[in-house]
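Encoded as structure tokens, the structure appears first; notes follow it.
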Amino acid sequence: MSARESSVEVIGMPLDHGAGRRGVSMGPTAIRIAGLEAALKRAEIPSHDGGDIEIPIPETREPGDPSQRYLEVIETACSRLCDRVSSTLAAGRFPLVLGGDHSIAIGTISGISAHLREKGSTTPPKVGLLWFDAHADLNTPDTSPTGNIHGMPLACLLGKGPESLVGIGYQGAKIAPHRVAQIGLRELDPDEKRRILASDISAYTMEDIDRRGLSDVVEEALATVLEDCDHLHVSFDIDVIDPRFAPGTGTARPGGLTYREAHMAMEMVAKTEEVRSFEMVEVNPILDEGNRTAEVAVGIITSALGKSILS
């Protein structure tokens, strides 16, 4: 069921172990302070805040293998998130996950796929994925230049990456590449480029958006991911938006979507009435200006969940 047809369950995931800079662990709180509950209420979207998943701070743990830093902590946290998302869906509610760095997507989408698999879906289940991000997040420990796992979640979900992460929910891929559309790419590592070109992922760079227009790109992406789809998930990294409008992120790169473009994309997504889960990641209040980025995140979330000017 869509957000308007069911109650939204807010799940905080204050994880920043996968990022190169501290601060995104405060993202869920910043988004709440920016008025998420009131915004959902104004949009007449029923919601309940289920609180945060408990995660130890990095200072209490060793990072371990430099090619996959904080692997054990991230695996434990994402396993807990997987269970929360799966149980939320089983209860007929809409999971709204607040991050945290983008490694949390491993837990969110594994929970979706585990839920669908328990209902008898194919393996991997028919999850359509819209991935709004400046980065592809397709690295593995063998290719990552940093060892930061927030650059690896999509690879893990496709079945490539540390075995403990690929095994969350159940062992193996949680999504099929032809059901994935990445929108807003503008910084890719060489191995990520090769992986995209050799796969069935639909990848749209900012060059594509500049040349074709965002509405055409989103329309095409939606047609792709909704074909023979049992569940549409949106994973939104705030760094897809240009830092002029959303400066509070540790992976800011110039040349992203404008504030209005981001809202238009979410409004198009909402009009399908097919979105069944949503996550917002990489909001870093330490790097923000007066909580501006968290306020932008609230607006993006409510647009995606169905807020409109008329109707």
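Taking every protein chain into account, the 1.4 Å probe leaves ARG22 with about 100 Å² of accessible area, to the nearest ten.
Here the 3J(HN,Hα) profile of region 246-258, calculated from phi with Karplus coefficients 6.51, -1.76 and 1.60 at θ = phi - 60°, is 9, x, x, 8, x, 10, 5, 9, x, x, x, 5, 7 Hz, Gly and Pro shown as x.
Identify which of THR140, THR224, THR60 has the largest mean-square fluctuation in a Gaussian network model of the chain, with springs joining Cα atoms closer than 10 Å. So, out of THR140, THR224, THR60, the one fluctuating most is THR60.
The structure shown yields Kirkwood radius over Cα pairs in Å, and of the options [x] 20.4; [y] 18.7; [z] 21.2 that calculated value carries the label [y]. If only the Cβ of Lys and Arg carry +1 and only the Cβ of Asp and Glu carry -1, the dipole of region 146-252 around its Cα centre is close to 260 debye.
Under the rule a/c < 1.5 gives rounded, and otherwise a/b versus b/c splits prolate from oblate, where does region 200-256 land using the Cα gyration tensor? Oblate, because a/c is 1.5 or more while a/b does not exceed b/c.
With the charge dipole of the chain set up from +1 on Lys and Arg Cβ and -1 on Asp and Glu Cβ about the Cα centre, the Cα lying farthest toward the positive end among the listed residues THR272, VAL234, VAL24 is that of THR272. Heavy atoms only, probe 1.4 Å: what % of the accessible area of the chain goes to carbon and sulfur, would you let me know? Of all accessible area on the chain, carbon and sulfur atoms account for 49 percent.
Sorting the segments 293-302, 204-213, 182-191 by their mean number of nearby beta carbons within 10 angstrom, highest to lowest, gives 293-302, 182-191, 204-213.
Which value results for Rg/Rh of region 234-274 when Rg is the Cα radius of gyration and Rh the Kirkwood radius based on the inverse mean 1/r? We get a ratio of 1.03 for region 234-274. Cross-link check: pairs LYS126/LYS271; LYS160/LYS193; LYS119/LYS193; LYS119/LYS307; LYS119/LYS174 evaluated at a Cα-Cα cut-off of 26 Å; pairs beyond the cut-off: LYS119/LYS193; LYS119/LYS307. Rolling a 1.4 Å probe over the heavy atoms of the protein chains gives the chain an accessible area of 40 Å² per residue. The charge dipole of the chain, taken about its Cα centre with unit charges on the Cβ of Lys, Arg, Asp and Glu (plus for the first two, minus for the last two), comes to roughly 360 debye. Comparing SER110, ALA304, LEU71 along the charge dipole axis of the chain, the residue lying farthest to the positive side is ALA304, per the Cβ-charge model. If you take the Cα centroid of region 206-240 and the Cα centroid of region 1-66, the two points sit 23 Å apart.
The values are calculated or read from the model by the stated rules, or taken from the named source; none is laboratory data. What you see is a predicted model, and the numbers here were worked out from it, not measured in a lab. Don't worry about glycine lacking a Cβ; one is built from the backbone with ideal geometry, like all the others, and counts go over all protein chains shown. Each accessible area value is taken on the protein alone, full model and side chains, heavy atoms only, with ligands, DNA and RNA left out. Shrake-Rupley method; radii C 1.70, N 1.55, O 1.52, S 1.80 Å.
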